[in-house]
Structures are given as C-alpha cells and as structure tokens.
Amino acid sequence: MTETKNNGKIVVIIAMMFLFAMISFVTNMAAPFGQIWKEQYTWAGMMGNMMNFAAYLFMGIPAGIMISKIGYKKTALVALVLGFVGIGVQYVSSMLDGNEISTYVVYLAGAFICGFCVCILNTVVNPMLNLLGGGGNKGNQYIQIGGSLNSLAGTLTPLLVGVMIGEVTKQTSMVDVAPLLLIAMAIFAGSFIIIFFTKIAEPEQAEGNMMEMIKGALGYRHLILGVVAIFFYVGIEVGIPGELNFYLSQPGGVLGSAAIAGTIVAIYWFLMLVGRFTSSFISGFVSTKAQLISVTTLAILLCVVGIFMPETTTFSLPGSEAEPVNVLMFTFIGGAVPVKCILFVLCGLCTSVMWGGIFNLATEGLGKYTAAASGIFMTMVVGGGVCPLIQDQIANSVGYIHSYWFVVAMLAYILFYALIGSRPAKKAE
C-alpha cells in the first residue's frame, strides 16, 4: 500500500515539474518576439512581455480561489486550455497584415491570454511541489528540481526564436516564428491530455473564505516583505536577458544579429538550469537563507563589474560568415562579444535559486494560509512585466548598459530580505 502511494506521489511530482517547464516555454517567447516589434516601434520591445506578466495582477488571487473551489488538477487543465487559446491568437497575428499596429494589438491580446495560463500554472505548481516535499529544505529542493526543467525550456526558447528570426530588419515579422507557435499549440494539447489522465491526489484545503485566508496570510510580516522581493526578483530574471538581447541584436549595434544574441541569452537560461540542478542536490544540506544571501551578493558584484567594464574588452565567438559553426540542426555565425555581456549572463547562476528561495522563506510557518499566500505571490509576478518595461525605458534614455543599475537596486532589496526581512514574524495586532 505504501509503495503504491509513493508511486502515485512520484507521478504527481513529475506532472508538476512538466508544468513548470511549460511556464518557462510560454513566458520566454515574449522577450525575443519583442525584437520583431522593437524594430517597428521603439517602445514596443517589452510590451508583449508586459502583457504576459500583467495578467498575473488580475489572475493571481482568483487562481488561488480556483484551487480552493475545483482543486489543483482541474485548475491546471483550465490553464492549459487558456495557453492553447493564447498561442492560437498569437498565431493569428502571424497571418495578418505584416507589422501593422492592428496586428500588434492582436499579438498583445494573445500574450495577455498566455499570461493567465502561466499565472494559474505557477499557482498550482509551486505550492504542490512545496507540499509534496513537506516544506522546509526538502520543499525548496523539489521546487529547484522543477526549476531545472523550467530553465531547460527557457534555454531552448530564445535559441529557437533567434534562429528563426536571424537578422532583424524592418521586414521581419511574426510569420518568421509561426512554426514555433504551431509547436507550442501542439505541446499544450499534448499536456492537456497527459494531465487529464494523471491521477492527482488533492491536498487538504483550508476551510474558510478565501479573502479571510488572504487577510490571515498578510498578517505575517515576512510574507509581505517576501511579496515585494518576488516582485523585484521576476523583474530581474526577465530584465537581465531581455535587455541583453536588445543590446546585442540592435541593427548596426554590437552584433546586429538576433541569432547570435539568442544564443548568448540562451546561455543565461542554461546557467539557470545548472544553478537549479545544483541547488536541488545541496538544498537538503545548505539552508535556503544561506543560498539566497550568497547568490544575491554575487549577482550584485557581477552587474556592477559588468556596468563599468569597457565595451572594447571583447572575445570572439567561433565561426564567421564564410565558415559558420553547425551544432545539431542550428547554424551559428560568430562575432566579437563584449566580456561584460558574459558577466550579465553569469547572473543566471544566481537568479536560478532566487524564486524557490524567496517562496520557501516567505511561506515558512504559514500553515493553512500557504495556498492564499501563493495567490498573493502570483499577483506580484506582474513585476516581471513592470520592471523590465521600466528598465527598457531607462535604456532608451541612458543606454542599455546603464539600465542595469536598476537591476542592482532590486538585487539590493532581495539581499536585505535574505539577511533581515525573511525572519518569520507575525505582525503585531
């Protein structure tokens, strides 16, 4: 009987981790798609990403209510249907009239619908993995393992988009990435079937009105400070590679190639995979707080050095226009890349464990309020749209590299949270 129960638990864990990968696959299409629209409208680069994350503001708490009403499995199925529809709307934009503003509006609508999908999936996956691990270090370990698959999907997505787009010109449009959208729709359909036939034992839900649960959760000071930290964190995670992509792929700029830029940005997501995979082994022995303090300090140092390092300090990627490098089905043309870009890319190792670490620390000791806290968390993931948009506007004013001072400021808050703000404490009545 125990063995059957354990086997069922493993199946649920695998299903949750697969959904974790889906979250990244959908989310990480927005920023590279922005390369297409930024060439048409300077302000448009991060708007698709903004719409994707803006949905969290509206769906975070309702997603928690959905879980309490219909359970984790049915909530996940609803999310997958929304994902299929959202990608479908973006595909429709690829069939419309080139890069007209009306086409852009349709694309943004699709990105917004996809945002509802990933918000709901996040609300399902994180508390489920934390609960399946029994909270504490083990719960964080499960989240980090799921995060590894999330990062794998994040690595492949900008790489695929970059190869499809190639060199960004005024003629580049959504038609160039239409095949990827069809693949995404097929994955959503397949995921729906897999989850539908997977038996998921629902955790016991706390009794009581959801708004009362939210009020109870907000009675914990370390949760409130953690919610602010997650707002900044998602902005950091998306902003670092997103702005780097624009910096490297801008026509007439450093590289001027979306393919090479996509390759370099993919390394950022790959390093997130490495960091999360490594953390999944050490989280049972090294405290979440110690990990968060270490990686945040390192990220601040990498960003500051990257900002001050001269752009003229470069290294050459292998390959040239005459002799490109072939890797599997992809063809890459090399170029001189500023070393500072690699320092920003290395931040992927640091950001890799921040999500799980902040979530784990912020929900420590919340007990029956954990599901409500997860909904609050998902609302604040809107930071992944707001903060990169602010960073992009800063970049338009003072330059791409100096926009990373905004990232440094957000990292400083997370360091404060890791050192002081994460101490479990209930607010004084």
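The values are calculated or read from the model by the stated rules, or taken from the named source; none is laboratory data. All values reported here derive from a predicted model rather than from experimental measurement. Quick reminder, even Gly has a Cβ in these numbers, built from the backbone with ideal geometry, and neighbours come from all protein chains shown. Surface accessibility is based on the protein's heavy atoms, side chains included, excluding ligands, DNA and RNA. Shrake-Rupley method; radii C 1.70, N 1.55, O 1.52, S 1.80 Å.
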Point to revise | Potential extension, Ala290-Ala186 segment - 0.36 nm per residue separation minus Cα distance | key: 33.3 nm
Practice item. Considering only protein heavy atoms, with the full assembly of protein chains and a 1.4 angstrom probe, order Asp176, Asp392 by accessible area, largest first. Key: Asp176, Asp392
Study note, to complete from the structure: Here FRET efficiency (C-beta to C-beta, Val339 to Ala409, R₀ 30 Å, nearest 0.05) is 0.80
Exercise for review: Express the C-alpha Rg of segment 346-429 as a ratio against the empirical globular expectation 2.2 N^0.38 Å, rounded to two decimals.
Suggested key: 1.30
Review point. Taking R0 as 35 Å, what's the FRET efficiency between Phe196 and Val92 from their Cβ-Cβ distance, rounded to 0.05?
Key: 0.85
Check your understanding: For segment 211-243, list residues with backbone N below 15 Å from a point placed 7 Å from the Cα of Lys368 toward its Cβ?
Key -> 211-219
Practice item. Could you work out how far apart the two model spin labels at Lys215 and Ala109 are, taking each label as a point 7 Å from the Cα in the direction of the beta carbon, and quote it in nm? Key: 3.9 nm
Exercise for review: Show Met47, Met354 ordered by accessible area, largest first, where the area counts protein heavy atoms only and the probe is 1.4 Å.
Suggested key: Met47, Met354
Practice item. Between Gln393 and Phe308, with labels modelled 7 Å along Cα→Cβ, what's the label distance in nm to one decimal, could you check? Key: 3.0 nm
Review point. What ranking, highest mean first, results for peptides 180-187, 115-122 when packing means the other Cβ atoms within 10 Å averaged over each residue?
Key: 115-122, 180-187
Check your understanding: For the pair Ile420 and Leu301, what calculated FRET efficiency results from E = 1/(1 + (r/R0)^6), where r is the Cβ-Cβ distance and R0 = 22 Å, to the nearest 0.05?
Key -> 0.65
